1. Place a +1 charge on the Cβ of each Lys and Arg in chain A and a -1 charge on the Cβ of each Asp and Glu, then give the dipole magnitude about the Cα centre in debye, rounded to the nearest 20.
2. I need the phi-derived Karplus couplings for region A:102-115: 6.51 cos²θ - 1.76 cosθ + 1.60, θ = phi - 60°, integer Hz, Gly and Pro marked x.
3. Starting from the 7 Å offset along Cα-to-Cβ, what nm value, one decimal, do you get for the label separation of A:Ala97 and A:Ala185?
4. Can you put A:Lys122, A:Lys312 in order, fewest other beta carbons within 10 Å first?
5. Select from A:Thr11, A:Thr82, A:Ala97 the residue farthest towards the positive end of the dipole of region A:1-150; place +1 on Cβ of Lys and Arg, -1 on Cβ of Asp and Glu, and compute about the Cα centre.
6. Name the residue farthest towards the positive end of the dipole of chain A from the options A:Leu64, A:Phe292, A:Ala427, assuming +1 on Cβ of Lys and Arg, -1 on Cβ of Asp and Glu, about the Cα centre.
7. Taking neighbour counts of Cβ atoms within 10 Å as a proxy for exposure, in what order, fewest first, do A:Val270, A:Val196, A:Val338, A:Val9 appear?
8. Restrict the search to region A:87-164; then list the GluC sites (Glu not before Pro) that DSSP places in a loop and that have at most 14 other Cβ atoms within 10 Å of their Cβ.
Amino acid sequence: MNAVTSRAVKTRFAPSPTGYLHIGGARTALFAWAYARRHGGKFVLRIEDTDIARSTPEAVQAILDGMQWLGLAHDEGPYYQTQRMMRYKEVIGQMLAAGTAYHCYTSKEELDALRAEQEAKKEKPRYDGRWRPEPGKVLPVPPSGVQPVVRFRNPTEGVVAWDDQVKGRIEIANAELDDFIIARADGTPTYNFCVVVDDWDMGITHVIRGDDHVNNTPRQINLLQALGAPVPLYGHLSMILGDDGTKLSKRHGAVSVMQYDEDGYLPEAVLNYLARLGWSHGDEEIFSMQQFIEWFGLDHITSSAAQFNTEKLNWLNAHYLKLADDARLGQEIRRRLVREGVTETAVPDPAEIAALYKDRVANLNELADSAHAFYVAAHPSDELATQHLTEAAKAALADLADRLGRLAGADFVPETLAKTLKETLAATGLKMPQVAIPLRVALLGQPQSPAIDRVLAVLGRDEVLRRLARTLS
RNA sequence: GUCCCUAUCGUCUAGAGGCCUAGGACAACACCCUUUCACGGUGUGAACCGGGGUUCGAAUCCCCGUGGGGACGCCA
């Protein structure tokens, strides 16, 4: 057991605040979080905001909001890289003194020229080491008035290798790497350097991150070794593709996790979906986060990219909706109706409507839409009215209204209502659908609804009679 | 161009050399249930990228193609 694995597990999620928390970031966070929970370790949130031009406080807040909505609580942080500049400068100073880093005076223009030249020769563009000190090598004279960058003195021979916890062993020749910049001319440190110092200082044992960082890993390992720091274990998660199989972008798919809230998804459904995207535990499809934590491990993570499938998310959402507490759903209905300007939602209790509809809708917005007609009487379209509210139907509704009017409010329970309905059927000689469908149109403005006796019960005596009277007048 | 990763039903995946006539789930379709529409239940169709090896035996191991993705920044 090496120095890293003998330490208590500590993972991190390290987004850069240049936008919202999207679905790919959310899954990375979920896996890192679950791994820490699984092993009784700690989960760190670190905001990588060294790109001051692109980082915004709004984006930081958006990430925090997304994490909170998903319930992925961190144990440490959030740390901000912009608040750790002193530490980075200190380490850069040490590396310069130790000779593991050096000043480079090559200008951007010279670098561009070098790159163009290499590309013309079909070579991999890389820094040529012109300012790299070597024994016996005479360095150029530093041009006056030029602020140098600091470059890492990367090993030139051998290979960097690590056993990726999801992809298996990966080896990269040092010859493929160049002396990358760790501090810009203005003195600010760059990404690969900050990550290394942070992972070291924060005692990160398992770096679980996106696939796009595989190429950074050998550089980071070399840096860690130059610093004499322990090398954490790495696990690289493959990316999530959009619904259409192409890379997620803002044009399609790469929406904020908060958009899922907006679209009526339950966080537990999104979490379950994400957990199952690129990870599996046999045939298990539906499980709680508690169960997920027990099962989760870095083995059984798929190493190829996964395509996002909204249909399956919808299915999971519908499932969790059926399980959800009525009062909670009532709150969600209320929240959405208020947004549409429907503020009178005391009677009927939205929780009762939720109970009526939750096993027939796929998301909270559909639930709220269904509830809408209970608070705001909807006039059926002319088409529906001519089709369903025929003279015969109206006669039956009149008969029913008369019978319902004789019931007390307390008698408005499904059993009694079903019995009353049958009395009307007997009196008119009609079949159930011939009365129930016009009744739905009259009450809710649409020909489909849950069991009509339950709808009548939830709507209540006064409202039912009022709406029937309006239809019959 | 160079380097790295990757490849099972339309989609997410199971599969660790014989348990595979390739399993589950979403979606699709059919039927059943039904007071409408849903929900639900039952069932059907649907895949190992191609070519070479290794082996008594390959979806599984190796190599080569091909497809897909990523990286090659004084971005993160």
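Computed from the coordinates by the stated procedures, all read-outs in this text should not be read as laboratory data. Note that the structure is predicted; figures quoted are calculated from it, not measured. A quick note on method: Cβ atoms are made from the backbone with ideal geometry, for glycine too, and the neighbour counts reach across all protein chains shown.
1. Working: 53 positive and 62 negative charges, 77 e Å.
With Lys and Arg at +1 and Asp and Glu at -1, about 360 debye.
2. Per residue, the Karplus-derived 3J(HN,Hα) values read 8, 7, 10, 9, 5, 7, 4, 5, 4, 5, 4, 5, 4, 5 Hz.
3. 2.8
4. Values: A:Lys122 6, A:Lys312 13.
Sorted ascending by nearby Cβ count, the order is A:Lys122, A:Lys312.
5. A:Thr11
6. A:Leu64
7. Numbers: A:Val270 23, A:Val196 27, A:Val338 12, A:Val9 19.
By the 10 Å Cβ count, ascending: A:Val338, A:Val9, A:Val270, A:Val196.
8. Listed in order of number, the matching sites are A:Glu123, A:Glu157.
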